[in-house]
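Structure, as structure tokens:
The values are calculated or read from the model by the stated rules, or taken from the named source; none is laboratory data. All of these numbers come straight from a predicted model, not from anything done at the bench. For neighbour counting, all protein chains shown are included, and Cβ atoms are generated from backbone atoms with ideal geometry for every residue, glycine included. Side chains are part of the model used for accessible areas, which takes the heavy atoms of the whole protein and leaves out ligands, DNA and RNA. Shrake-Rupley method; radii C 1.70, N 1.55, O 1.52, S 1.80 Å.
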Amino acid sequence: MSARLLVRALRDPGGVAALDGRGWNSLIAMARAERLIGTLALRIGERPVPMAVRPILMDARADAEREARQALWEADRAAEALAGLGVPVVLLKGTAYAAAGLSAGQGRFIGDLDILVPREAMKDVEQALIGAGWEWVKDDPYDDAYYRQWMHELPPMIHASRDRMIDVHHTVLPLTARQTPDAAAMLADAVPITNELYMLCPEDRVCHAVAHLLADGDLAGGLRNLWDIYCLLDGIDPAALEARAARHGLVRHVRQAQRLAAALYGAGGRLTLWDRIVAARLLARDGWGRERRKLLGFAFYVRSHWLRMPPVMLARHLLTKWRKGHRPA
Amino acid sequence: MKHALSLKIGPATFRIGSAWRQPVEALARLYADYPAPADEIADFTVRLEPTSPFRRWFRPSIFITGDHGLADAAPMSLAHGLLAAEMGMNLQMALGWRRHLLLHASSVEKGGRVLVMTGESGSGKSTLAAQLGERGWRLMGDEFALLDLETGAIFPFPRLVSLKNRAIDVLAAEAPPGRMGPLLAGTAKGDIRHLVPRGDAVGRMSEGALPALLLFPRFGHATDVRAVGQGEIFMRLTQASTNYVALGEPGFAALTRFVRNVPARAIDFPSGGEAIALVERLWEDLA
């Protein structure tokens, strides 16, 4: 059993009518593990499902609504904290999708608040957030210094009373990564959602999601990111996307994401051998919600670091982490 | 997973998978008289996994997880597998249940009305509920009381009662040995032995009733009864609820109504015998 069951249910929610009890248990466990249960519940909508399934889907929808409400409130608080700085607060990922009412946001699990701000404003942003009650999560000096020197974001912060995390990005990928998406262009072309809040333009939203899924991450939980991309691609002009992807150095990745999204969630498509390996990684989930193909997962974990860092730096980083007892999740 | 079992407890159905045979066997034995789930579909999946592939065979070590998991959940030894399974079910309820306001409380019913008892671990609420359950009350649960968001009724969640340390002997003296689980010695909370609730508790596990009295018991102090202000009750109950925040406004409304309608007292007692007498007296006076 693989997460193909979940992928099929998202693509064709009418098909769930054929599931037996075992099938439902597998589907629900996978959807929860991939944080796609809210999306699945909305996709199934009012279609008939077994009695025992109905309340599970209703709870998932209510949870997603609460997530969105909480995320928007958090964005509002961040905008308030940064109001005096004169920098645009550009929402990224789930919060942006929810704030703008995009289809990618429907039922979406929203974890941290991610924002993009100009790199030269980072010091002021940091100070303003601390002044408004956010504090550092990491107390490890190595991690802190590492973030500040090499990462595309500040070390994560958490709000002392609301217990919600904020990630402040100044670019898209770590500074050591092979690709260097043009963050300044992303900021320059950001579009307003409300008076205080912005999001990336449609093509940049795809590029950003693709960069995180394919050029950076180890693809754990990637089915949700690919669902985002599938939704974000809807109605986008392919030529404009291609041009924008070229600017960010992500043409290859965007094309691959288009192929994978079409193959898994859309009308289908031809996959290369490498696409199939990525798809195998994305679908590595069993009917109990467990991650399978551990070796493949580990290979992708190593690869994600390889892509992020030059070899000597990678060796030093992994050695430091290993000495501190870190294990890949 | 290699070994699996489905259980229906109150309104919730669990699918429990285990890498080892023993925890599932122990569950099957102790829950033998519970009704089988109507269909196969479970509200929650619980998984008992080895902490690493190696630890499945060598000094077996259980990582408790499932649909909802805690990254830092402490591993448990296979000898405590039954407890791990019970904790796994609690974990899913605590993190994932949305259909009632969950109160970390024990509850018992008599004459169609419910006595709710809440307090820290070690306050005596579990033991008291178990004892009352042997003496003419219907045990509704020793871990979670489910407060209905619309009607204000309390619904049962009668899992096995988890008896700790001295409570084990107290209940072993009252309940027949056939309803007692194996002794799990030296767990993180000391010795634990499970008690299967009486037949009426299991047979009526889908039957709710309105709450009539709330008590905050405290074991190990001279006998005392104190009034508790509504503000303090509200605050203590929000802290005793694992899903109060997640439920949002409906949770607030349900809890407000509960606090307004249900008389409450804090009670101290030095021994189980005194506690029962005190509770029965307060029940006559207030409920």
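Tabulated data for the structure shown
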item	result
Candidate set: the stretch A:7-23, residues that are buried (at least 17 other Cβ atoms within 10 Å of the Cβ) and under 21 Å from B:Ser6 (Cβ atoms); chosen: the one farthest from the other protein chains (Cβ to nearest Cβ)	A:Val16
Positions within the stretch B:168-181 being without any contact (Cβ under 8 Å) to a residue 60 or more places away in the chain and either in a loop (DSSP other than H, G, I, E, B) or in contact with a Ser or Thr (Cβ under 8 Å, 6 or more places away or on another chain) (or both), in sequence order	B:Leu171, B:Ala173, B:Glu174, B:Ala175, B:Pro176
Residue within the stretch B:253-274 that is open to solvent by less than 20 Å² (accessible area, probe 1.4 Å), within 28 Å of B:Ile9 (Cα to Cα) and in a loop (DSSP other than H, G, I, E, B) present	yes
Conditions (1) farther than 15 Å from A:Arg259 by Cα; (2) in a helix (DSSP H, G or I); (3) of a type in the set (Val, Ile, Thr): number failed by A:Thr180	(2)
Residue count, the stretch A:118-175 (criterion: charged (D, E, K, R) and in contact with a strand residue (DSSP E or B) (Cβ under 8 Å, 6 or more places away or on another chain))	6
Residues (of a type in the set (D, E, K, R) and in a loop (DSSP other than H, G, I, E, B)) located in the stretch A:106-120	A:Arg108, A:Asp112
Qualifying residue in the stretch A:150-169 (condition: modelled with pLDDT under 85 and outside any loop (DSSP other than H, G, I, E, B))	yes
One residue from A:Leu295, A:Leu282, A:Leu319, A:Leu241 being within 14 Å of chain B (Cβ to nearest Cβ) and among the aliphatic types (A, V, I, L, M)	A:Leu295
Residue among A:Asp112, A:Asp140 that alone is closer than 17 Å to A:His208 by Cα and open to solvent by 30 Å² or more (accessible area, probe 1.4 Å)	A:Asp112
Of residues in the stretch B:235-252 being in a helix (DSSP H, G or I) and open to solvent by less than 50 Å² (accessible area, probe 1.4 Å), the one farthest from the other protein chains (Cβ to nearest Cβ)	B:Leu237
Subset of the stretch B:208-223 [open to solvent by less than 60 Å² (accessible area, probe 1.4 Å) and either among the acidic types (Asp, Glu) or not in a strand (DSSP E or B) (or both)]	B:Gly208, B:Gly220
Output for the stretch B:52-63, where each listed residue is farther than 15 Å from A:Glu291 by Cβ and over 26 Å from the mean Cα position of the chain (by Cα)	B:Phe54, B:Arg55, B:Arg56, B:Trp57, B:Phe58, B:Arg59, B:Pro60
Some residue of the stretch A:267-279 being within 14 Å of chain B (Cβ to nearest Cβ) and either at positive phi or open to solvent by less than 50 Å² (accessible area, probe 1.4 Å) (or both)	no
Candidates B:Arg113, B:Arg98, filtered to the one that is basic (Lys, Arg) and within 14 Å of chain A (Cβ to nearest Cβ)	B:Arg98
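Conditions tested, residue by residue: (1) under 18 Å from the mean Cα position of the chain (by Cα); (2) within 9 Å of chain A (Cβ to nearest Cβ); (3) among the hydroxyl-bearing types (Ser, Thr, Tyr); (4) under 21 Å from B:Pro75 (Cβ atoms).
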residue: B:Lys2; (1), (2), (3), (4): no, no, no, yes
residue: B:Thr13; (1), (2), (3), (4): yes, yes, yes, no
residue: B:Gln22; (1), (2), (3), (4): no, no, no, yes
residue: B:Leu30; (1), (2), (3), (4): yes, no, no, no
residue: B:Ala38; (1), (2), (3), (4): no, yes, no, no
residue: B:Ala42; (1), (2), (3), (4): no, yes, no, no
residue: B:Thr45; (1), (2), (3), (4): no, yes, yes, yes
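Table: residues versus (1) at pLDDT below 80; (2) on the phi > 0 side of the Ramachandran plot; (3) open to solvent by less than 20 Å² (accessible area, probe 1.4 Å).
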| residue | (1), (2), (3) |
| --- | --- |
| A:Gly222 | no, no, yes |
| A:Tyr230 | no, no, no |
| A:Leu250 | no, no, yes |
| A:His253 | no, no, yes |
| A:Arg290 | no, no, no |
| A:Gly297 | yes, no, yes |
| A:His317 | yes, no, yes |
| A:Lys321 | yes, no, no |
| A:Arg327 | yes, no, no |
